[in-house]
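Written out below as structure tokens is the structure these notes cover.
The values are calculated or read from the model by the stated rules, or taken from the named source; none is laboratory data. Everything numeric here is computed off the predicted structure, so don't read it as measured data. Cβ atoms come from the backbone with ideal geometry, glycine included; neighbour counts cover every protein chain shown. Areas reflect the complete protein model, heavy atoms only, side chains present, ligands, DNA and RNA absent. Shrake-Rupley method; radii C 1.70, N 1.55, O 1.52, S 1.80 Å.
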Amino acid sequence: MLDTESLGALRAALERLDAGFASLPALGAGRPDPTDPSALERVLLETADRLTDNYPYFHPLYAGQMLKPPHPVARLAYALALWINPNNHALDGGRASSAMEKEAVAEIAAMFGWTAPAPLGHLTGGGTMANLEALWVAGRLRPGALVVASEQAHYTHSRIGGVLGLPFETIRCDDRGRMDAEALETRLARGGVGTVVATMGTTATGSVDPLPEILTLRERYDFRLHADAAYGGYFGLAGNLAPETRRAFDRLGEVDSIVIDPHKHGLQPYGCGCVLFRDASIGRFYKHDSPYTYFSSNELHLGEISLECSRAGAAAVGLWATQRLLPLVSGGEFAGMLEKGREAALGLHARVAADGRFAAALIPELDIVVWLPRAPRASTSSEISRRIFEEAARRGLHLALAELPVRFTDPDGSAFERDRGTATCLRSVLMKPEHRDWLDPIERILDEAAGEAFRGEVAR
């Protein structure tokens, strides 16, 4: 939460911002009456009361979905920008914030080695819109050609295919939740594939598709390669990846387009996504004109390279400020946060794998852990997972559930009889650096919740 020192910094920044417009004439008698302070406070307190009806997303005991609190500098810079409320569609709507967006996006591109020639990129409302733009460009370059992604890729790709009228198919995954390169080659050999989506961190398990193998296939089959790195894109900065995962991230700069979400690991408020194209000439597909929008400057307006029109300039300001405080470099403080999350995931995985009540064969590649209870049948295991989820929440630990193929966490069939092809797994996203230091209380609560859930199964 924000402390008084942070609020003091915001007050000082607001005074400096106000001084920048001091030359304007006073509003005078025509100024609307300010809101009654007592009424303002009443409504804000009521708002605060309503907002307490939430899970504690900011706390380490929230270890469920992909929810990470924005960094204080991102919150403060975002709030500061709201006093101006810029729109980054056109330069006259967001002059300073447009420049800040271009600088921040260039720093993200540099993570992947995209510096010269400069790539084309901009912020979006989130990963879905960013992926839509990437596949829209792919469809313009390969009209009517098939788009394929792994069966564990985000469901947004199938939906985007429907929106854009692009045919879409999934490719089988291996037992680690990654796209199976042999299955991909079998589909490529049949022809008709225009674009392959490589997922650099699936949202269910954090699995990273085998990018080096996919790049080798591109040499033989000539497809466009898009990397959905919405979740995992920043992990290229982490120094503690497994060797195979490291090799995949080291070659991320060889793809044609990349999506990354600063509002996940980039410490930003929702919504802040980003799309990047290695070949800046694809800007020709965005080309359009407006009789009233782009008149103020001959410089590039961000609306000229985006499908979205109005976009919050405050998102760019928050991102720019965060990257000024925490540069996107290996070995820095920002990279250290990612490394701590991965350490936490490996630590929790080791603990549940050592517990005879659980099966946890899928070793985390990033910071997501999945495991399931051992039971007579997969269906019974799923019921116990749901009870553990509820019991843990009652004790203040918030996990998540995921319906996954049983071969991901029980490849040898030792955990239960496979009366169904999928099982409801327990899932934990340990994306906060504080999670590393909270493994003991997380394990204690999980042990208590599991004990109660297993006792309930015996009683049945």
When region 168-225 is reduced to its Cα atoms, the Kirkwood hydrodynamic radius in Å:
11.6 Å
Descending accessible area (1.4 Å probe), largest on the left, turns Thr186, Thr156 into Thr186, Thr156
Based on the alpha-carbon set only, what is the convex hull volume of region 344-460 divided per residue, in Å³?
87 Å³
Check cross-link reach from Lys264 to the lysines: straight Cα distance under 28 Å, and skip same-chain residues fewer than eight apart.
Lys68, Lys102, Lys340, Lys432
I need the phi-derived Karplus couplings for region 357-369: 6.51 cos²θ - 1.76 cosθ + 1.60, θ = phi - 60°, integer Hz, Gly and Pro marked x.
7, 10, 10, 8, 7, 7, 6, x, 8, 10, 9, 10, 10
If you average the alpha carbon positions of region 398-460 and of region 163-237, how far apart do those two centres end up, in angstrom?
28 Å
Work out the charge dipole of the chain with +1 on the Cβ of Lys and Arg and -1 on the Cβ of Asp and Glu about the Cα centre, then indicate which of Leu61, Pro262, Ser97 is farthest towards its positive end.
Pro262
Given H placed on each backbone N at 1.01 Å, which residues far from Phe168 in sequence or on other chains put an amide H within less than 5 Å of it?
Val147
Indicate the helices, whole DSSP H runs only, in the chain that combine a mean Kyte-Doolittle hydropathy of -1.0 or more with a Cα extent along their long axis of 18 angstrom or more.
4-19, 37-51, 95-111, 127-141, 313-325, 333-353, 378-394, 439-459
Counting only protein heavy atoms and leaving out ligands, DNA and RNA, the solvent-accessible surface of Lys264 at a 1.4 Å probe, in Å² to the nearest 10, equals 40 Å²
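Of all the Cα-Cα pairs you can form in region 20-96, what percent are over 15 Å apart?
78 percent
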Net charge contributed by nearby residues that have their C-beta within less than 14 Å of Thr170 (K/R +1, D/E -1)
-2
Just the number please: accessible area per residue for the chain, 1.4 Å probe, all protein chains included, in Å².
46 Å²
Give me a comma-separated list of calculated 3J(HN,Hα) values for region 277-283, in order, Karplus coefficients 6.51, -1.76, 1.60 applied at θ = phi - 60°, integers in Hz, x for any Gly or Pro.
10, 5, 9, 5, 5, 5, x
Between beta-carbons, use under 11 Å as the cut-off and find the net charge around Asn131, counting Lys and Arg +1, Asp and Glu -1.
-2
What figure, in Å² to the nearest 10, do you get for the accessible area of Arg220 with a 1.4 Å probe and non-protein molecules left out?
140 Å²
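When only Cα pairs under 8 Å and 6 or more residues apart are kept, what is the percent relative contact order across the chain? The partial results should precede the final answer.
Working: 828 pairs, mean separation 89.4, N = 460.
Normalised by residue count, the contact order of the chain is 19 percent.
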With every protein chain kept in place and a 1.4 Å probe, the residues Lys102, Lys68 fall, from largest accessible area down, as Lys102, Lys68
So between Glu390 and Asp92, what do we pick up on full extension, going 0.36 nm a residue minus the alpha carbon distance?
102.2 nm
Long-range amide H contacts for Gly126: which residues qualify at under 5 Å (H placed 1.01 Å from N, peptide plane, sequence gap of 5 or more or a different chain)?
Gly273
How large is the accessible surface of Asp447 in square angstrom, using a 1.4 angstrom probe and rounding to the nearest 10?
80 Å²
Correct choice for percent of Cα pairs over 42 Å apart that was computed from the model, options (i) 22; (ii) 46; (iii) 15:
(i)
Dipole magnitude of the chain about its Cα centre (Cβ charges: Lys, Arg +1; Asp, Glu -1), debye to nearest 20
540 debye
Of all accessible surface on the chain at a 1.4 Å probe, what whole percent is carbon and sulfur?
53 percent
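Please give the net charge around Pro441, taking every other residue with its beta carbon less than 13 angstrom from that of Pro441, where Lys and Arg add +1 and Asp and Glu add -1.
For residues surrounding Pro441, the net value is -2.
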Over the Cα atoms of region 303-371, how large are the radius of gyration and the largest Cα-Cα distance (Dmax), in Å?
18.8, 57
Collect residues whose amide H, placed 1.01 Å from N in the peptide plane, falls under 5 Å from the amide H of Phe358; neighbours closer than 5 in sequence don't count.
Arg374
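If DNA, RNA and ligands are ignored and the probe is 1.4 Å, what is the ranking of Ile388, Ile363 by accessible area, most exposed first?
Correct descending sequence by accessible area is Ile363, Ile388.
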